[in-house]
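See below for the structure under consideration.
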Amino acid sequence: MTKRTSSKHKLDRRMGENIWGRPNSPVNKRSYGPGQHGQRRKSKMSDFGLQLRAKQKLKGYYGDVTEKQFRSTYKDATRIKGDTGQNLIGLLERRLDMIVYRAKFAPTIFAARQIVSHGHILVNGVKCNIASRRCDVGDVISLGAKAKEMALVIEAQSLPERDIPDYVAPDGTDKITFTRVPKLDEVPYPVTMEPNLVVEFYSR
């Protein structure tokens with residue numbers, strides 16, 4: 001499991017965007033960067049800087065996965081036929097922790113990863129505690145008996161700021177089916193993601 005060692009909101013401030021769309025993000029009040037120099041006029045960013053920023057934003061959105069894991073996902077995306085950027089998004093959306101987040105079983109991607117790692121999620125009726133597991137189309141993901149009563153899960157299901165996307169089909173409040181691998185324009189990102197720049201970054 002990836003352990004995030006710094007505040008989640010620091011990523012929002014560094015990017016200057018509310019990347020998870022949460023109402024309590026500090027960017028909603030202060031759109032400039034952190035620190036004493038945060039309000040200085042920004043100089044024009046180089047191509048490398050734009051590519052690095054796009055990678056950091058995408059990597060951060062998916063729970064700040066490790067560089068090794070993210071690079072490995074990119075390499076897998078290059079081996080699949082078609083657009084590498086689209087393939088990368090598809091592989092990231094197939095992660096179990098992300099599907100749990102999309103299903104609104106958890107309020108944040110970090111909480112989703114914790115719920116999975118603590119053994120509260122079943123895949124096709126079998127307990128799975130590997131957050132990075134890639135689910136297949138048709139897989140049924142459900143909450144364990146204890147998870148159904150967790151305050152965290154109940155809170156997530158009542159969140160108004162995001163909806164369950166149509167490639168995750170709910171069956172009641174505690175079970176969903178992963179129906180298809182989404183394309184970039186189908187993924188409900190609160191901010192613009194640029195996987196094409198991530199591809200450029202790794203293919204340098």
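The values are calculated or read from the model by the stated rules, or taken from the named source; none is laboratory data. Just so we're clear, the structure is a prediction, and the values are computed from it rather than from any experiment. Positions of Cβ are generated from backbone atoms using ideal geometry, with glycine treated the same way; all protein chains shown enter the neighbour counts. What goes into the accessible areas is simple: the full protein's heavy atoms, side chains included, and nothing from ligands, DNA or RNA. Shrake-Rupley method; radii C 1.70, N 1.55, O 1.52, S 1.80 Å.
Summary table
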{"quantity": "Residue-normalised accessible area of region 56-148, expressed per residue, 1.4 Å probe, Å²", "calculated": "40"}
{"quantity": "Candidates per trypsin sites (Lys or Arg not before Pro) in region 108-170, loop by DSSP, up to 11 other Cβ within 10 Å", "calculated": "LYS146"}
{"quantity": "Distance violations [Cα-Cα > 29 Å] among LYS59/LYS175; LYS44/LYS81; LYS57/LYS148; LYS81/LYS148; LYS57/LYS127", "calculated": "LYS44/LYS81; LYS57/LYS148; LYS81/LYS148; LYS57/LYS127"}
{"quantity": "Carbon and sulfur %, accessible surface of region 65-124 computed with the full protein complex present, 1.4 Å", "calculated": "47"}
{"quantity": "Ellipsoid semi-axes in whole angstrom, largest first, where each is sqrt(5λ) of the Cα gyration tensor of region 62-157", "calculated": "26, 13, 11"}
{"quantity": "Those GluC sites (Glu not before Pro) in region 105-204 that DSSP places in a loop and that have at most 10 other beta carbons within 10 Å", "calculated": "GLU161"}
